[in-house]
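To start, the structure under review is shown below, and the notes come after it.
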Amino acid sequence: MTRPSELMRPEVLERAAYAVADAAGLIKLDAMENPFPWPGELEAAWLEALRGVELNRYPDPGGRETTAALRAAHGVPVEAGCLLGNGSDELIQILITAVQGSGRPVVSPVPTFVMYEVLARAAGVPFIGVPLAPDFDLDLPALLRVLERERPALLFLAFPNNPTGRLYDPAMVAELVAANPGVTVIDEAYAPFASHSFLPRAGTPPGLMVMRTLSKLGLAGLRLGYLAASADWVDALDRLRLPYNVNTLTQRSILFALEHGGRLERQAGLLRQERTRVATALGALPGVRRVVPSEANFILFEVPSGQGRAAFESLLASGILIKDVGRGGGVLADHLRVTVGAPAENDAFLAALASALPNPA
């Protein structure tokens, strides 16, 4: 019998599969989801909007109506192309596959969204991570040196970054775009919670692409992302997109959601307010060493040395699931990431954390 080890590259088999924690029965604050479901009257209207969908037929392969609605709702530049993906992950995979034969690496500041590295290495493309500064800001001189020396095919910049929540200085990002001889992909997954966007500049210059997802806005179950880029790049990348990659139910649901976008924006506004409240409360807890400024819908914070895993386990025992991003050590050692939830969920988290942490006094 032929085994995976005979046909697959060792660096792929050495990695663990992407892990998703079991959140059954827990307050789920680990995955940057919007905690609010559709209000009751909208749920009924959404189900009505799905009536008549022909599941025996393939979906619109290009998602034309969905793309037009996204362009109008988010202000995608008229001159830019727009490519839909089954979540941002598929778009990242398409981008990396597109440059696979270039002989040039993928670069990103680290720590960041793990799929940039995972998908690059899976495709056999070298990945170069450039460490962030101690405050988790960009190390601009180091990045500029790598761009000049390595001439990467792709530079991924999560804006804001995950897992840190930092929104980098737009002027620094613009300098990197100008210096990059390849393509710069600005990943704006958390755009509903951030104060700046590069979407109006997508495709200008041609090497600037902006990627978004609707998952954080409250539609994680639909799995839709899009890439705004110059028309020639979108045309080229579309040749790698799998046919019918965005299903009919997702397309119809996105149209409905965008028609009621005001509800989603009000939910995002409440989460921004809660983010400020939770960050302030975290900063006041005696056992919290650092709270990283966030413009996403989550907050990264540091607890005393050696206490990260114990704090995570204590919260879990209290019925609250967050993310122990420091489990692997390094610069994230003893750092925990909590998604901003509904007010009652945030209250429960703060109370449980206060009990979980040792009081220095």
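Sorted from greatest to least, the principal axis extents spanned by the alpha carbons of the range 76-198 come out as 34, 34, 27 Å. Per residue, the solvent-accessible area of the range 62-116 (1.4 Å probe, heavy atoms of protein chains only, all protein chains present) comes to 39 Å². Normalised by residue count, the range 1-129 yields a Cα convex hull volume of 248 Å³ per residue. Of the solvent-accessible surface of the chain, computed with a 1.4 Å probe and all protein chains present, 54% belongs to carbon and sulfur. When the inverse distances between all different Cα atoms of the range 145-294 are averaged and flipped, the Kirkwood radius reads 17.5 angstrom.
Taking the chain as a Gaussian network of alpha-carbon nodes connected by springs under 10 Å, the highest mean-square fluctuation of the residues G87, G306, G319 belongs to G306. Across all Cα pairs in the range 225-361, the calculated P(r) in 10 Å bins from zero up to the longest distance comes to 10, 31, 23, 20, 14, 2, 0 percent per bin. Measuring between their Cα centroids, the range 267-340 and the range 25-87 lie 30 Å from each other. How about the range 10-59: which GluC sites (Glu not before Pro) there lie in a loop by DSSP and see at most 10 other Cβ atoms within 10 Å? Hits after loop and neighbour filter: E14, E54. What's the longest bit of the chain with no exposed trypsin sites (Lys or Arg not before Pro), using DSSP loop states and at most 10 other Cβ atoms within 10 Å as the test? So the longest stretch without any such site is 58-361. Across q = 0.19, 0.24, 0.25 Å⁻¹, the range 288-361 modelled as identical point scatterers on its alpha-carbon atoms has Debye log10 I(q)/I(0) values of -0.74, -1.19, -1.28, in the order of the q list. Here the 3J(HN,Hα) profile of the range 314-320, calculated from phi with Karplus coefficients 6.51, -1.76 and 1.60 at θ = phi - 60°, is 5, 4, 4, 5, 8, x, 10 Hz, Gly and Pro shown as x.
Applying the Karplus relation 6.51 cos²θ - 1.76 cosθ + 1.60 with θ = phi - 60° to the range 96-109 yields 3J(HN,Hα) values of 5, 4, 4, 9, 4, x, 7, x, 10, x, 9, 10, 7, x Hz, where x marks Gly and Pro.
The values are calculated or read from the model by the stated rules, or taken from the named source; none is laboratory data. This structure is a prediction, so every number in the text was calculated from the model and none was measured. Positions of Cβ are backbone-derived with ideal geometry, glycine not excepted, and every protein chain shown enters the neighbour counts. Please note that ligands, DNA and RNA were not included when accessible areas were found on the heavy atoms of the full protein model with its side chains. Shrake-Rupley method; radii C 1.70, N 1.55, O 1.52, S 1.80 Å.
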